[in-house]
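One structure below.
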Amino acid sequence: MLSNKTFIIAFLLTSATFFSFCRLNNYPLNTVKKVVIDAGHGGKDPGTGNGREKRFALDIALRLGKMIKNNLKDVEVIYTRDSDVFIPLNERAEIANKNKADLFISIHCNAFTSANASGTETYVMGLHKSEANLNLAKRENNVILMEDNYKKSYKGFNPNSPLAHIMLANYQSAFMNQSMDFASRVERQFVNHGNKSRGVKQAGFLVIWETTMPSVLIETGYLSNPADARKLASESGRENIAKAIYTAFNSYKSDVERNQ
């Protein structure tokens with residue numbers, strides 16, 4: 001267990017490293033010209049719902065990208081995957097960083113032990129506010145166990161350690177305000193498009209751990225809930241979800257560039 005003093009020092013060093021990295025690479029924080037859309041899971045990683053998550057997440061990601069391409073000609077859309085392939089979590093972040101993206105959007109489907117849980121959630125990197133958030137992050141982060149040499153790739157990160165999740169949650173603090181802004185817009189648009197929102201939350205997801213831009217992870221509904229599952233299984237339902245995210249993206253882009 002780390003002492004409080006050690007924890008604080010680690011947090012300060014991490015924050016300073018990220019701010020310095022952004023300055024050195026001249027990442028523009030006042031334009032949104034490039035977005036990376038990440039369809040969760042894929043290939044040998046089926047996600048939740050017996051493979052439905054990887055299929056539905058990809059479909060929503062492609063629909064969202066198409067809407068952006070068709071309506072916002074000045075925005076470049078980059079997918080971490082556009083087919084049923086397995087992409088390690090750190091490579092997803094690396095794709096966004098190498099392309100100097102202005103926003104990273106990771107799309108997933110949720111699940112819970114109770115069929116009563118339903119609705120959308122949008123996560124930003126941060127401290128876990130509840131045991132449920134922590135358990136969700138652990139489940140998503142356990143994907144690294146499928147990767148070769150994951151201990152080396154993630155610097156010894158243990159996906160089952162609560163302390164490890166708390167430490168990595170501080171890595172994205174440099175972009176917290178913008179991530180929260182976009183996440184709030186997404187959840188607001190889900191409601192506007194007739195969906196149930198569970199709100200914006202914080203948790204330590206590895207897929208947005210190393211991104212050097214505002215980043216969110218969107219849970220588009222619970223495949224363990226019959227109503228949510230039916231919506232996600234339908235083309236109209238996935239189109240509705242993609243349209244809500246697109247509307248949030250469009251308003252976020254407009255406000256960021258208006259206030260530059």
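The values are calculated or read from the model by the stated rules, or taken from the named source; none is laboratory data. What you see is a predicted model; the values in this text were computed from it and never measured. A quick note on method: Cβ atoms are made from the backbone with ideal geometry, for glycine too, and the neighbour counts reach across all protein chains shown.
Figures for the structure shown
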read-out	value
Any helices (runs of 4 or more DSSP H) falling wholly within region 129-248 and containing at least 2 residues that are modelled with pLDDT under 55 and of a type outside the set (A, V, I, L, M)	131-141, 150-153
Members of region 87-127 found to be in contact (Cβ under 8 Å) with a residue 40 or more places away in the chain and in a helix (DSSP H, G or I), listed by number	L89, N90, R92, A93, E94, I95, A96, N97
Members of region 38-78 found to be surrounded by fewer than 17 Cβ atoms within 10 Å (Cβ to Cβ) and not in a loop (DSSP other than H, G, I, E, B), listed by number	K66, K69, N70, N71, E76
Selection count where residues are surrounded by 23 or more Cβ atoms within 10 Å (Cβ to Cβ) and either aliphatic (A, V, I, L, M) or under 12 Å from L217 (Cβ atoms) (or both), scope region 93-110	11
